[in-house]
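Working notes, beginning with the structure itself.
The values are calculated or read from the model by the stated rules, or taken from the named source; none is laboratory data. Quick caveat, the model's predicted, so the values are computed rather than measured. Every residue, glycine as well, gets a Cβ built from its backbone with ideal geometry; the counts of neighbours run over all protein chains shown. Side chains included, ligands, DNA and RNA excluded: accessible areas come from the protein's heavy atoms. Shrake-Rupley method; radii C 1.70, N 1.55, O 1.52, S 1.80 Å.
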Amino acid sequence: MDHFDVMIVGAGIAGASAGFFLAATHRVVLLEREDQPGYHATGRSAALFTETYGNASIRALTRGARRFFEAPPDDFAATPLLAPRGLLYIGRADQRDPLERRYHELSDRGADIRRIAADEARDLCPILRREPLAAALLEPDCMDIDVAALHQGYLKGLRARGGRVLTDAAVRSLRFDAGRGWIAETPQGAIAAPVVVNAAGAWADEIATLAGVPPVGLTPLRRTALLLDLPDGMDAGGWPMIVDADEAFYFKPDAGRLLLSPADETPSPPCDARPDDIDVATAVDRLERATTLQVRRVGHKWAGLRTFAPDRSLIAGFDPAAAGFFWLAGQGGYGIQTSPAMGRIAAATIAGAGMPADLAELGVTMAMLDVRRLR
């Protein structure tokens, strides 16, 4: 049996970020059920960095993560983690009211948000149809996140600090032993540690149940995405991300092609999510109604699970129902942009240091993240 200070169940963005920061001071192992880390939600995300996304706690965590994204540790990644993108909300004549509500909401959150005319919106994204486009909002400060570079940076840094990553290591049983702490039985053998971090994403409630810990009511929601080829000679690299006023669809440039989603949120059991043909067809129809593109072929399609707590806030902290059982779950659509902050919080809390001072100054508290709010 291998012994560690901390075992982390799940090597997606939540587990990898926590492992990266913990490995500086602890012997850490990441247990990943698949044959590669980040196979599920992390590997299927098209993340955007914006400090106006989500509720107050999410926004504070995102602000606290910016410094890491802008200046990661030396040798963390070969390329910048953020790149300029911008975000354009578009609306038909009957969507002026939701656009105006969004304008005031984002303005109140401190965003640089601008009302722009339909012609200016088409200058930014020339495929937008003259009709039905009636109004638009531009949020120029939004940034693309290089998700692969971020995730691999965490994993590489964890290994450099002596941490281990075990793949094909699904947790089959998880029990607490008074003398050795938590013991996980996996296909890679038994693992023991006094602290177990539940970063299992869509499977987090299942891991809790396996450990005899009450679940918290996490809901995995399926999100569909597809990649489309652009017409020959069309360069979309400088376009902003386009989001419908009612969030019925969005699209953005992606490595010379167009990434499209119907922004669906379909409840799903934890699984290797697959796209539904109806959702794919819906996305294409909405795109063709809003733009001049005619989709002849879908190059690639996939789905991922975005897992939310009932209040759509993140969860981090020890569970009072079980010694050494630490929740790091409910990332939903915010896990990637908040991961530098959440990883630091997990590491500091497990080390007994409490909330990092810079995050506390931004208004982040453990009470916001405490699992007990859900019971």
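So here's what we get for this one:
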| quantity | calculated |
| --- | --- |
| Interchain or long-range residues, amide H under 5 Å from A136's placed H | I116 |
| 0 to 90° range, to nearest 10: angle between helix 13-22 axis and the chain longest Cα axis | 50 |
| Residue list for the stretch 306-344, given a label point 7 angstrom along the Cα-to-Cβ vector of T266 and an amide N cut-off under 14 Å | 306 |
| Degrees, to the nearest 10: 277-290 long Cα axis against longest axis of the chain | 40 |
| Label point distance in nm, E288-R122, each placed 7 Å from Cα along Cα→Cβ | 2.1 |
| Positive-end residue of Y53, Q152, L137, charge dipole of the chain with Cβ unit charges | Q152 |
| Theoretical gain in end-to-end length, D311 to A83 [0.36 nm per residue, Cα-Cα removed] | 79.0 nm |
| Farthest positive-ward along the chain dipole, Cα basis, beta-carbon charges - from P253, W239, M342 | M342 |
| The stretch 170-318 - Kirkwood radius from inverse mean 1/r over Cα pairs (Å) | 18.2 |
| Inter-site label distance for A148 and D358 at 7 Å from Cα along Cβ, in nm | 2.8 |
| Label point distance in nm, R159-E100, each placed 7 Å from Cα along Cα→Cβ | 5.6 |
| Taking all pairs of distinct alpha-carbon atoms in the chain, Kirkwood radius in angstrom | 21.4 |
| Highest-fluctuation residue, A283, A199, A93 considered, GNM on the chain with Cα pairs under 10 Å | A93 |
| Between 0 and 90°, nearest 10: helix 335-350 axis offset from the chain longest Cα axis | 20 |
| Percentage of interatomic Cα-Cα distances in the stretch 1-136 larger than 26 Å | 46 |
| Listed residues R223, R296, R85, most fluctuating in the chain (Gaussian network, C-alpha, under 10 Å) | R296 |
| Rounded to 5, the percent of DSSP beta bridges in the chain classed as antiparallel | 70 |
| Listed residue (A192, A360, A111) projecting farthest to the positive dipole end of the chain, Cβ model | A192 |
| Carbon and sulfur %, accessible surface of the stretch 301-375 computed with the full protein complex present, 1.4 Å | 57 |
| Dipole magnitude (debye, nearest 20) for the chain, charges at Cβ of Lys, Arg, Asp, Glu | 460 |
| Heavy-atom accessible area per residue - the chain, 1.4 Å, Å² | 42 |
| Fully extended contour minus Cα-Cα distance, from A71 to R257, at 0.36 nm per residue | 64.1 nm |
| Interchain or long-range residues, amide H under 5 Å from W182's placed H | D177, A193, V195 |
| GNM flexibility winner over the chain from P240, P98, P262 (Cα, springs under 10 Å) | P98 |
| Size of electric dipole in the stretch 1-54: Cβ of Lys, Arg +1 and of Asp, Glu -1, about Cα centre, debye, nearest 20 | 60 |
| For the stretch 279-360, convex hull volume per residue from C-alpha positions, Å³ | 170 |
